[in-house]
Amino acid sequence: MKFIPRKYFHENVRVEVIETLPDEMDEDNINYHGTHLWASAVVLSAVLQKMRLCHDKIVLELGCGVGLPGLVAAQEAKEVIFTDGFDSGLLSASEALKINQLEAKTEVRKLKWGDKEALKEFKSIDVVLAADCLYPDVSSWNDFFQTVVLLLKKTSSFCLLGKNMLF
């Protein structure tokens, strides 16, 4: 695995994310999930800064990948939980947390969307974030929204940003 650092600067926030390049691609590109910084993560990060949505809150990022929105949220949040269903995304987020020295108030956890048992472990979440988690292949949409619905029972805010969509 090759690590590629990328710096993000916006107003008073400066963080570094780590994109990863797998040694080899598999047939379904599973090794590539969560390894890239997508434009919607940059836009969501800017929105979070302007709205101060995460100030002193417990934040959970779904499908965190490289974790830019979570890293930005961690600048003012009480705690940020980075979740991804793919090891490649968890690795990218973990490396970024080390580089940005944000490990003390963050956690990285594997979470498969739709896993009701795993979702019971999240007790009090104030804000749920998701950037570019939905793709034209709708096979994962049901599990994604089932996860969101279960988390919304425990939260007050949800922000989803993807290509051509903001909820």
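The values are calculated or read from the model by the stated rules, or taken from the named source; none is laboratory data. Values in this document were obtained by computation on a predicted structure and should not be read as measured data. We place every Cβ from the backbone using ideal geometry, glycine too, and count neighbours over all the protein chains shown.
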* Odd one out for Phe145 among (1) assigned to a helix (DSSP H, G or I); (2) surrounded by 20 or more Cβ atoms within 10 Å (Cβ to Cβ); (3) modelled with pLDDT under 90 -> (2)
* Structure fact -> Those residues of the range 65-106 which are of a type in the set (S, T, N, Q) and either within 15 Å of Ser45 (Cα to Cα) or out of contact with any Gly (no Cβ under 7 Å at 6 or more places or on another chain) (or both) amount to Gln75, Thr83, Ser94, Asn100, Gln101, Thr106
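Counting just the residues of the range 87-136 that are touching a Cys at 6+ places or on another chain (Cβ under 7 Å) and over 15 Å from His36 (Cα atoms), which one comes out surrounded by the fewest Cβ atoms within 10 Å (Cβ to Cβ)?
Val127
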